[in-house]
Amino acid sequence: MKGPRLRILIPVAILVTLLAPILRQLPGGAQLPDVWLVLLLLSIPVPAPDSWRRSVHLVILFGILRSSVTAISPFTAWAGFGMALFVRETLARRLSEYNPLLRLVTGFSAAVPLALLDRLAAQQLGAELDVTDAWIRCLCTGLLMAFFHRPARASFLSKGGGR
Amino acid sequence: MFLLPGAERYRRVLLTGAAVGLLAVQAMFPLPQIEHVVSVVLAPVQKPIAALAGELDDLLTGTSVDSTGVALAPTRSALVAMERRLGLPAAIPGMAWLEVPVWSLDLERGRLVIAAGTDFHLAKGQVVAFGESFLGRLGEVREHAADVELWSAAGLRTGLAVLSETGLPIRAVCFGRGGGGAAVVEWSEDETDYQDGQALMWRPRPLDPPNLEQAGLHLGALSLEGDPNRGEALWVVDHAIPAGAQGRVFIAAGAVGSELIADPAERRHGASRLLRTDALLGSGWYALSSSADFTPTVVTDQAKVSGELRVWRSGWGWARRLAPAAWDEGAVALNPDAGELLGAKAWEESANPLPLFTRGGAHIPRGLWLGYQDEAAMYPATSLEVLRLDAQAEDSR
């Protein structure tokens, strides 16, 4: 299955970036999931395509966009996104993509490394990210992954799928 | 369709895993040089995005900036004036007191770094004081900075005189234990007259200018440490560094240049707010941009500190909004009624909210107006100013 076209994905990512600070100010905004991570997980299919070029480009782009509106370093975003894709890929190869509960577990697990790195980066800056908020962010990511079902890549149906 | 052989896939997984691992290491243990290079490369993209997000935020939320109370703020010179009033020791015939701001304080090593050196004609061994308190002597003197070796530093011996009931001074020597702790009275002419709380006067060395004794400098008060019944008791010198001495000290000099006051270089530049909220850390952080050719450390809004700059990315950065009381050890309070300066521990216990100023150090100027103790963190206006207390690189050890 092919991922969304870049000409749609990039404007959406930029729009999400511009709105992210406003969303964070809303009541309960601290518990909202990381929008770039959600977008990344939704735009890259599982199992991973043969070519990882698109995934790498999206990780770099989303990391740059994310660090434009936060004090946290882009390295945290890049490392967190990379780990999230690794975790999801590892779990998705073992767990069914057709079970919402398992998709929730996969999404939740994929969000954990980024949440941990964010917390560490915040501590280094002298700020404190609430642990409960971090867990709720991971849970929300998992819920979104469970809700937005992306079927496994039917590579036998399309040539060069996922590019 | 081309399927990767297992070996090729494993190679790719390994390489990508290593790359992600390296990124994670950089994220956990950031190397400033790498961060700087990346921030320079990304600044042309990130700065406009942050500015656009800020404009959208202002447009949709339309929050106005409250700047009330700024006009009534005590000026920075109020703190300086108080420090001068409290810190200038008694006049000594034939000598002058040079006023030098303090760059940093390292209590663990028993050292103050002051913002003047050979450029201000300072020399090793000169006596340093604040008010009636003897602080120590100048150690290493560099071009634009000098070290003050506090008399309580580990291993330093200082002569003192205990005022006995008969009025005759008892000569003694104390031995510093460092770490800001009490020095031990190591040798004494006579310990029989010692009492808890007795005042201890500083005693000059034989080769010091004789007039220095007239300054009447104190070391602290005598105190008994340990249990005398078990033979473990020690007479120690109970003391504390005055809060004002963390801002400026006075150095005795027999010969002076044209200036009696040394002023550290302070750099300022205009700045503008980009974004009021951090998308991950929340509203306690804000982004700002400035074309300053230095890395700022603090942001002010109409002469009042608006935030501490924690991240600087080549022309723009992120500052943290802090309530005045949240500066904690980084703030000193001015008590105008009692005419005293208070350190963090003292002002935290105060019943009435006191005006707070920056304590200074770590490239943050001293005496910037923070606000009253009970005030909340202020929202930054659109026009700001960034500052940095400058120093020669070789001096900021």
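The values are calculated or read from the model by the stated rules, or taken from the named source; none is laboratory data. It should be emphasised that the depicted structure is a prediction, and the values quoted were computed from it without experimental measurement. Cβ atoms come from the backbone with ideal geometry, glycine included; neighbour counts cover every protein chain shown. To get the accessible areas, we keep the full protein, side chains included, count just its heavy atoms, and leave off ligands, DNA and RNA. Shrake-Rupley method; radii C 1.70, N 1.55, O 1.52, S 1.80 Å.
For this structure, a couple of remarks:
- Under 5 Å between amide hydrogens, built in the peptide plane, is the criterion, and for residue B:103 it picks out B:113, B:114, B:115 among residues at least 5 positions away or on other chains.
- Using the 1.4 Å probe convention, the accessible area of the stretch A:1-74 works out to 39 Å² per residue with neighbouring protein chains retained.
- Here is the list for the stretch A:32-112: trypsin sites (Lys or Arg not before Pro) lying in DSSP coil, each with at most 14 other C-beta atoms within 10 angstrom of its C-beta, are A:93, A:94.
- With θ taken as phi - 60° and the Karplus curve 6.51 cos²θ - 1.76 cosθ + 1.60 applied, the whole-hertz 3J(HN,Hα) list for the stretch B:223-235 is 8, 9, 10, x, 10, x, 5, 9, x, 10, 7, 10, 8 Hz, x standing for glycine and proline.
- Heavy-atom accessible surface of the stretch B:80-195: percent carbon and sulfur, 1.4 Å: 52
- Principal-axis tilt of helix A:6-25 within chain A, Cα atoms, nearest 10 degrees: 30
- The stretch B:77-128, accessible area per residue, ligands and nucleic acids excluded (1.4 Å, Å²): 43
- Near the amide H of residue A:97, within less than 5 Å, lie no amide hydrogens of residues on another chain or at least 5 residues away, with H placed in the peptide plane.
- Highest-MSF residue in chain A out of A:29, A:107, A:80 [GNM, Cα springs under 10 Å]: A:29
- For residue A:128, solvent-accessible area (1.4 Å; no DNA, RNA or ligand), Å²: 130
- Qualifying trypsin sites (Lys or Arg not before Pro) in the stretch B:121-212, DSSP loop, other Cβ atoms within 10 Å at most 12: B:124
- Helix axis angle, B:32-61 relative to chain B longest principal axis, alpha carbon, degrees: 70
- Total buried accessible area between B and A, probe 1.4 Å, nearest 100: 3900 Å².
- Per residue, the stretch B:282-397 exposes 38 Å² of solvent-accessible protein surface, assessed with a 1.4 angstrom probe and all protein chains in place.
- Most mobile of A:11, A:100, A:74 in a GNM of chain A (Cα contacts under 10 Å): A:11
- Averaging 1/r across all pairs of distinct Cα atoms in chain B and inverting the result yields a Kirkwood radius of 24.3 Å.
- With Cα atoms as the point set, the stretch B:165-245 shows a radius of gyration and Dmax of 13.7, 43 Å.
- Centre-to-centre, using Cα atoms only, the stretch B:254-297 and the stretch B:168-234 are separated by 43 Å.
- By DSSP, the beta bridges lying fully in chain B are antiparallel in about 95 percent of cases.
- 3J(HN,Hα) along the stretch B:209-217, derived from phi through the Karplus expression 6.51 cos²θ - 1.76 cosθ + 1.60 where θ = phi - 60°, amounts to x, x, 5, 4, 4, 6, 5, x, 7 Hz, with x in place of Gly and Pro.
- Carbon/sulfur fraction of accessible area - the stretch A:28-99, other protein chains in place, 1.4 Å, %: 67
- Folded to 0 to 90 degrees: helix A:74-92 orientation relative to chain A principal axis, Cα: 40
- For the stretch B:4-43, residues shielded by at least 30 square angstrom of accessible area compared with the chain on its own, probe 1.4 Å: B:9, B:12, B:13, B:16, B:20, B:23, B:24, B:27, B:28, B:35, B:38, B:42
- Equivalent ellipsoid semi-axes - Cα gyration tensor, chain A, angstrom: 26, 18, 14
- Low-density loop positions, trypsin sites (Lys or Arg not before Pro), the stretch B:217-294 - DSSP coil, at most 12 other Cβ in 10 Å: none
- Size estimate for the stretch B:318-365 follows the Kirkwood approach: the inverse of mean 1/r over distinct Cα pairs works out to 11.3 Å.
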